[in-house]
Each structure stands twice: as C-alpha cells, then as structure tokens.
Amino acid sequence: MLIAFHKPFGVLSQFSVETGSAYHTLAEFSFPKNVYPLGRLDADSEGLLLLTDEPKLNHKLLNPQFNHKRTYWAQVEQTPTTEALEKLQQGVTNQGYTTLPCKTKLILPILPDRNPPIRFRANIPTSWIELELIEGKNRQVRRMTAAIGYPTLRLIRVKIGDFSLGELTEGKWMELSEVERQMVFSVLSK
C-alpha cells in the first residue's frame, strides 16, 4: 500500500510524541494500521508525504544513488539573484556538507495562506523558488536558501518523482492507484 498525504504545518512525520508536546502527529489522521512515513517533513514544512506498509520502498525513495527527484516550493525573504540561484544549482556547502546539484527557478504559485501565517514584514518582500532535489538531508532546503542569503519562510513539498500533490487538500490522504504509484517511481525505471 502506498499513501499520499498532504501534511499540514505543525504536524510531525511520526505517529507518537512525548507527553506534553505542542505538536500534532500522524496518529490524528486515521491512517490504515501498519503504515509508516517514507522519509520526513519537518513540523514546520508542509506538503506531500508518502506512507507505506512496504519496507523495501524506503531505500528506493531515499537513497540518492537512485536519483529520485523531489520538488519543493520555498517562500524566501527578498528575491534571489540569478547568481544566487546558480549557486543553489551547483550545490552549496553548509556545516561541512556540500549538497548535490539541483534545479531551481523562480515561480509565482497561487496558494492558500498558511495557518498560522508566516511572519510579515512590510519592508521585506518575499518570493518563491522551486527546487528539484535528488537528496533529502535534514532541513536541507532551509539550509540551502540560508547559505545563499535568502532564508526560507514557508516550505512545501509538491512532488515526488512525477507524482504531484495536485488537488489533495491539507490534512487529507489517499491510497495511490497503480498508475499514480508508477508516477512516484517513474525516475527509477528510466
């Protein structure tokens, strides 16, 4: 079984949490028994999270040797220069680790506001960058945009492989059909 979930802001990518935590968990969304998340999204990130009951899928999706792409939309402070985007594309070094090359471009998505909203500062405009990565280190996109001088304010994973979040609304999930499943793994078969 492979499930696509639109993870809301403030939800941990796990089913349990220590007593007294302010975070919500996946246990609140009525998933079938015995599924677990493939990879993670930080509590302050939103978007496409896959869950499965098939242990072999974790390695296929998360190991960078398979060049399995993930697409993110990052709302950042200011508007990155062409040179800054080129640095992202070549890979940036942060805390001794150099990221693999990626694809980037400026975008203008139409999205509902986040709840709670991002911080707003009248004197500092924001813009959106689309990043296509083949690796997923902890807080990687946030560290990458910070390394080029454009901190991330909001982060949404919109695509894994060729499968897009599409019309799946926040907090909802669906079991993928065989065709949709092939879209997730499309890169691996090329």
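Among the residues of the range 2-49, just one is of a type in the set (F, W, Y) and within 12 Å of I156 (Cα to Cα), namely F9. Regarding the range 102-116, can at least one residue be identified that is out of contact with any strand residue (DSSP E or B) (no Cβ under 7 Å at 6 or more places or on another chain), within 17 Å of L153 (Cα to Cα) and of a type in the set (D, E, K, R)? Scanning the range 102-116 turns up at least one residue that is out of contact with any strand residue (DSSP E or B) (no Cβ under 7 Å at 6 or more places or on another chain), within 17 Å of L153 (Cα to Cα) and of a type in the set (D, E, K, R).
Within the range 28-42, does at least one residue satisfy the condition of being at pLDDT 95 or above, among the small types (G, A, S) and either surrounded by fewer than 15 Cβ atoms within 10 Å (Cβ to Cβ) or touching a helix residue (DSSP H, G or I) at 6+ places or on another chain (Cβ under 7 Å) (or both)? Taking every residue of the range 28-42 in turn, at least one turns out to be at pLDDT 95 or above, among the small types (G, A, S) and either surrounded by fewer than 15 Cβ atoms within 10 Å (Cβ to Cβ) or touching a helix residue (DSSP H, G or I) at 6+ places or on another chain (Cβ under 7 Å) (or both). Within the range 83-102, identify whether any single residue is under 17 Å from the mean Cα position of the chain (by Cα) and under 20 Å from H6 (Cα atoms), and answer yes or no. Among the residues of the range 83-102, not one is under 17 Å from the mean Cα position of the chain (by Cα) and under 20 Å from H6 (Cα atoms), which makes the answer no. The set of residues from the range 3-34 being touching a Gly at 6+ places or on another chain (Cβ under 9 Å), part of a loop (DSSP other than H, G, I, E, B) and touching a residue at least 24 places away in the same chain (Cβ under 8 Å) comprises P8, S13. Considering (1) without any contact (Cβ under 8 Å) to a residue 40 or more places away in the chain; (2) within 17 Å of the chain's Cα centre (by Cα), the lone condition that Q140 does not fulfil carries the number (1).
May I ask you to list pairs of residues, at least six apart or on different chains, whose Cβ atoms are under 8 Å apart, with the first in the range 91-114 being in contact (Cβ under 8 Å) with a residue 60 or more places away in the chain and the second being surrounded by 11 or more Cβ atoms within 10 Å (Cβ to Cβ) and not β-branched (V, I, T)? That search, which allows pairs on different chains as well, returns R114/F9; R114/E46; R114/R154. Just name the residue that is farthest from N67 (Cα to Cα) out of those in the range 150-178 that are more than 17 Å from the chain's Cα centre (by Cα) and either at pLDDT below 95 or among the charged types (D, E, K, R) (or both). So, considering only residues that are more than 17 Å from the chain's Cα centre (by Cα) and either at pLDDT below 95 or among the charged types (D, E, K, R) (or both), the one farthest from N67 (Cα to Cα) is E175.
The values are calculated or read from the model by the stated rules, or taken from the named source; none is laboratory data. As the structure is a prediction and not an experimental result, all values here were calculated from the model. Cβ coordinates were reconstructed from backbone atoms using ideal geometry, including for glycine residues, and neighbour counts include every protein chain displayed.
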